[in-house]
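Down below is the structure, laid out as structure tokens.
Please treat every number below as a calculation from the coordinates, not as lab data. Note that this is a predicted model, so its numbers are computed, not measured. Neighbour counts are summed over all protein chains in view; Cβ atoms, including those assigned to glycine, are modelled from backbone coordinates with ideal geometry.
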Amino acid sequence: MMRRLASLPGGRVGKWVVLALWAALLIPVLMLAGRLGDVEENDNSAWLPGNAESTEVVARAENFQRADTVPAIVIYDRPGGVTPDDMAEARADAEAFKGMENVAGQPQGPLKAEDGKAIQTVVQVRKDKTGWEGIGKTVDAMTEVGKENADGLGFHVTGPAGHASDSIKAFSGGGALTTITALVVVVMLLLTYRSPLLPLLPLLTVGVALATSEAVIYLLAKNAGLVVNKQTSFILTVLVFGAATDYALLLISRYREELLRHEDRHEAMAEALYRSGPAIVASAATVAVSLTLLMLATLSSTQGLGPACAVGILVGLLAMVTLMPALLVICGRWIFWPVRPAYGSAEETREGVWDRVGAAVSRRPRIVWIATSLVLGIMAIGMLGLKADGLSNKDQFTSTPQMAVGERIQSEHFPAGSGDPVVVVAGAASAERVRTALSGVPGVVGVSAPVVKDGEAIMLGELEDDPSGKNAIRTVERVRTAVHGIEGADAQVGGSTAIMLDTQEAAARDSEVIIPIVLVVVLLILALLLRAVVAPLLLMATVVLSFGAALGVSSLVFHHVFHFAGEEASFPLLTFVFLVALGIDYNIFLVTRVREVALLHGTRRGALTGLSTTGGVITSAGLVLAGTFAAMASLPLVFAAELGFAVAFGVLLDTLIVRSVLVTALTLDAGRWMWWPSRLFRQHEAAVGVAQRAGSGGVAMRI
């Protein structure tokens, strides 16, 4: 049955059917994929669960203020002091802002700073159906007006609207990210196969897979409530390119081997799919299941990222086991030009680098795996310096955008929290008690008079510190403690700072819950695949150790080389899921080949042969995946740079050290116990018993 299925995509008729089906699918796919941006939700509040306190405040505050607006804080500055003409221009600008599309209500200000060197105006910008894009266009229009001011008067737009505008500009590099990722794939395939034509087929197939994934995700977001954002889009791009190309490398490698043994390329492809298919499917399933478990997250952005990326993995798998075989067989052997695999040609038998690595490890495998584990453990110590408690707005960029400059100038001349207050909603009867409690909280420098409507009261508290900074978050924690303690007040605290606090708490909870579940589920998948207990436990231990080492080194690099301020709260969980799932991928590719050989020749021979035969292709696959994630550094975002570096480094570590040295040494040292209690373990045990009885008989005869 499996052989018959494997023969279909590359069959004489099947290849054309597969090509026709994908070609027909491509028309609606391209129409839908381009609309993915229409369903993205990029607001921080949209990422939180509905029961988060700051989310509930948004709903309760709708009676008092528009829930679909964010403040744009306009800052003017002149080092020598602003002039009356500067104030006149700021007032004229405020009138111009009021007439702009998506500006709500009357601007607040302009207000001159006490030191006379800066002016501040707060403008409420309405979010239209395009979300960040609409805010960005409004901020751009405001900037055009401000730049017409007299020479020497600085103009900057900061606050949540300024942050949204600069963020959309940073994410606009998604097209460049796709181009860079594609170039990485092409270069790696050229180096691997030394063919100018062959890379075109995987690249074409990956492109089709990415577009199809985006179309499916669009439909899920529009009709099934899946939450997607710009972060989802760029991670999806690198993941589909990296993982799907890995599957292509494994398939092409096996197909090339089979072309040497089969004159008919259709038969060669059928055998290649039959032999490599189970490992590819198992690997993709492991990654997809691990990512799907992110649905257990309370943070909506993480909850949506998991199934979206799982869709990308599964579509990539489908394309690589249907479209890719069809294209390879249609093109024939010439696609490998200039070194075409001719039928009957002998395979290269010269000793390769992985043969030498295997020979070196096999001399003292126990010493090797103990020493390697100790080195990885030392590397993992760097995790103690991880600061995954969120980043302030200005620290989220690798460059210095307009928002960050404006925020710095604002903090020098105005209270840092002006224009972006903490929002407190309570029952009307308790309004004054809540206001008194809010006024007494350290870090709150001013409180508005309560506004009462329909039995509810709302008040705003001005923060002393940067609303996106850690000090402001601690102030919001104190505010919640103060107002929650008022009996019968039903007081809740919201605002952008409270949203950041709830995001951090949700991300911490998600890590504590999801990481153990992922470990257990992946362990069960490995146990079913290998039909053993010891091997899955050892493989999981190596992957977790590899993750710790990667995170430890990454933490040191982030803080002492790149000088980043810290990490986003969701960084450890996402890094863990990607590294564990993708790390297990390579172990599956290796161990399935080891088991295949061990069934015939024993575990020692299987370990060395498995390393020798898979070393080249797995190394190439690891380099491709690391390169695609490293391409994320092209986005001027700290989160993208950190996630890209950590996953790229972890994949290289797993590919070059953990899989080749640690797993091989453990397999050699464990021997037949690696497969306990499977049939392979019992087969070895029986073989040993036969050998012992034969040895005893031989001695008796000689006597």
Item to check | Answer label, with Cα extents along the principal axes in Å calculated from the coordinates and candidates (i) 115, 81, 49; (ii) 110, 55, 48; (iii) 108, 59, 42 | outcome: (ii)
Next on the checklist: Compute the distance from the alpha-carbon center of segment 69-120 to that of segment 283-341, in whole Å.
Outcome noted: 51 Å
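Give the residue list of GluC sites (Glu not before Pro) in segment 320-416 that are DSSP loop and have at most 12 other beta-carbon atoms within 10 angstrom.
Values: sites: Glu347, Glu348, Glu351, Glu407, Glu412; in loops: Glu347, Glu348, Glu351.
Listed in order of number, the matching sites are Glu347, Glu348, Glu351.
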Checklist outcome for this item: If unit charges are put on Cβ atoms (+1 for Lys and Arg, -1 for Asp and Glu) and the dipole of the chain is taken about its Cα centre, the option from Val658, Met459, Leu305 lying farthest towards the positive end turns out to be Val658
Item to check | Length released on extending from Leu528 to Asp389, taking residue separation times 0.36 nm less the Cα-Cα span | outcome: 46.3 nm
Item to check | Neighbour-count ranking [beta-carbon atoms within 10 angstrom, fewest first] of Glu56, Glu456 | outcome: Glu56, Glu456
Checklist outcome for this item: Cβ-Cβ cut-off under 10 Å around Gly146, Lys and Arg +1, Asp and Glu -1: the net charge is -3
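Fewest to most neighbouring Cβ within 10 Å: what's the order for Phe64, Phe547?
Values: Phe64 17, Phe547 27.
So the ranking, lowest neighbour count to highest, is Phe64, Phe547.
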Item to check | Val561 paired with Leu183, simple spin-label distance in nm, labels 7 Å along Cα-to-beta-carbon | outcome: 2.1 nm
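Calculated FRET efficiency, Met2 and Val339, Cβ-Cβ r, R0 30 Å, to nearest 0.05? Display every interim value, and only then the final one.
Details: r = 31 Å, r/R0 = 1.03.
Step by step, r from the Cβ atoms, then E = 0.45.
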Checklist entry - Considering only Cα-Cα distances, which of the following residue pairs are longer than 29 Å: Lys230/Lys387; Lys222/Lys394; Lys127/Lys470; Lys127/Lys453? => result Lys222/Lys394
Item to check | Two-site FRET efficiency, Asp264 against Leu111, from Cβ-Cβ distance with R₀ of 56 Å, rounded to 0.05 | outcome: 0.10
Item to check | Value of relative contact order over the chain, rounded to a whole percent, pairs C-alpha under 8 Å and six or more apart | outcome: 18 percent
Checklist outcome for this item: Taking every other residue with Cβ under 14 Å from the Cβ of Met31 and scoring Lys and Arg +1, Asp and Glu -1, one gets 0
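Under the definition of Cα pairs under 8 Å and six or more residues apart, what whole-number percent is the relative contact order of segment 67-171? It would help to have the intermediate numbers written out before the result.
On the way: 189 pairs, mean separation 40.2, N = 105.
Once normalised by length, the contact order is 38 percent.
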Checklist entry - Label 7 Å along Cα→Cβ of Glu148; segment 93-112 residues with amide nitrogen under 13 Å? => result 93-100
Item to check | Alpha-carbon Rg with Dmax, taken over segment 396-501, Å | outcome: 14.6, 48
